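Here is the structure we will look at.
The values are calculated or read from the model by the stated rules, or taken from the named source; none is laboratory data. From a predicted model like this one, the values you see are computed outputs, not experimental measurements. Neighbour counts run over all protein chains shown; Cβ positions are idealised from the backbone, glycine included.
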Amino acid sequence: MIIQRGTTDLLLITQPDHAGLAAGLMARWELGGLPDHPRRAEILAATREHDHGWIEEDALTHVAPDGQPLDFITVPPDVKRRLWPRAVERVARTDPYVAALVAQHALTVNAPARQEDGWPAFFDVMTRARDAKLARVPRVNVVDLEGDYPFVRIGDHLSLIFCNGWREPLSGAGYRAILKGATLEISPDPFGGATVPLSVPARSIPARRYRSAADLRQAFAAAPVRPLEGQAVGV
């Protein structure tokens, strides 16, 4: 779950909805040869499905002992470790290359924890899963995958900036982005001068302490779905 924390309200966005926005952004991306890329469809699918394993966690919701709702960053490590194998195996039923890209995403975003207690085995499992899925794809190797993956990361990163309301300028692979009001400015211009509308489902709940995950789920279920809207532009 993504949580924007205000003084009186919390704005909640599910991880799959964030991923859908990421895929929409990359569908308009014109840099790096993506429009004519031979695996563009798979790259966009991986961007759309990269957080598939969060479906169950967002449905459960997570609350800290002090009653504060936990977002995708602050959930316990065991939650993060269990969702990625589930995501990869689920996506692999449809497309092994998309699953390999999702596994690469898991390895990349969790890399800072590689040497921490409980994590080395996770990296072994995810590396083997990535390589096993990739082995099922004709004429594509790990070098190809490592060249394709940055597009997935770009989409994830840009969507996270917008969904979290992060205001500091952030840089990624060949681009710089900053959120000003409801406008995500990206340089160099990746959209060929076009303005890309942004919309992601969100729910607003009271910023209070919750007695349990069930209490949080009830508040989330009762909150009406309203879109968080804005635009992305190249500058």
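If I ask for residues that are of a type in the set (A, V, I, L, M, F, W, C) and more than 19 Å from Val91 (Cα to Cα), which ones from segment 27-58 would you list?
Once the filter is applied, which keeps residues that are of a type in the set (A, V, I, L, M, F, W, C) and more than 19 Å from Val91 (Cα to Cα), segment 27-58 yields Ala27, Trp29, Leu31, Leu34.
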(message) Quick check on my filter: what residues within segment 14-30 are within 23 Å of Thr195 (Cα to Cα) and either hydroxyl-bearing (Ser, Thr, Tyr) or in contact with a helix residue (DSSP H, G or I) (Cβ under 9 Å, 6 or more places away or on another chain) (or both)?
(response) Asp17, His18, Ala19, Gly20, Leu21, Ala22, Ala23, Gly24, Leu25, Met26, Ala27, Trp29
(request) Find all pairs meeting these conditions: Cβ atoms under 7 angstrom apart; at least six residues apart or on different chains; first residue within segment 43-65 and under 15 Å from Ile3 (Cβ atoms); second residue among the basic types (Lys, Arg) and in a helix (DSSP H, G or I). (result) Thr61/Arg217
(message) Among the numbered criteria (1) surrounded by fewer than 16 Cβ atoms within 10 Å (Cβ to Cβ); (2) under 13 Å from the mean Cα position of the chain (by Cα), which one does Phe72 miss?
(response) (1)
(request) Report, by residue number, each residue of segment 175-192 that is within 21 Å of the chain's Cα centre (by Cα), touching a residue at least 60 places away in the same chain (Cβ under 8 Å) and over 15 Å from Pro150 (Cβ atoms). (result) Phe191
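For every residue, the table says whether it meets (1) exposed (fewer than 11 other Cβ atoms within 10 Å of the Cβ); (2) modelled with pLDDT under 95; (3) out of contact with any strand residue (DSSP E or B) (no Cβ under 6 Å at 6 or more places or on another chain); (4) not in a strand (DSSP E or B).
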| site | (1), (2), (3), (4) |
| --- | --- |
| Ser171 | no, yes, yes, no |
| Leu179 | no, no, yes, no |
| Ile186 | no, no, no, no |
| Asp189 | no, no, no, yes |
| Gly193 | yes, no, yes, yes |
| Pro201 | no, no, no, no |
| Tyr210 | no, no, no, yes |
| Asp215 | no, no, yes, yes |
| Leu228 | no, no, no, no |
(request) Residues being polar (S, T, N, Q) and over 13 Å from the mean Cα position of the chain (by Cα): count how many of those fall in segment 142-174. (result) 1
(message) Considering only residues that are of a type outside the set (A, V, I, L, M, F, W, C), surrounded by fewer than 19 Cβ atoms within 10 Å (Cβ to Cβ) and in a loop (DSSP other than H, G, I, E, B), which ones fall in segment 22-56?
(response) Arg28, Glu30, Gly32, Gly33, His37, Pro38
(message) Just the residues that are farther than 17 Å from Gln104 by Cβ, touching a helix residue (DSSP H, G or I) at 6+ places or on another chain (Cβ under 7 Å) and part of a loop (DSSP other than H, G, I, E, B), please, taken from segment 117-165.
(response) Gly118
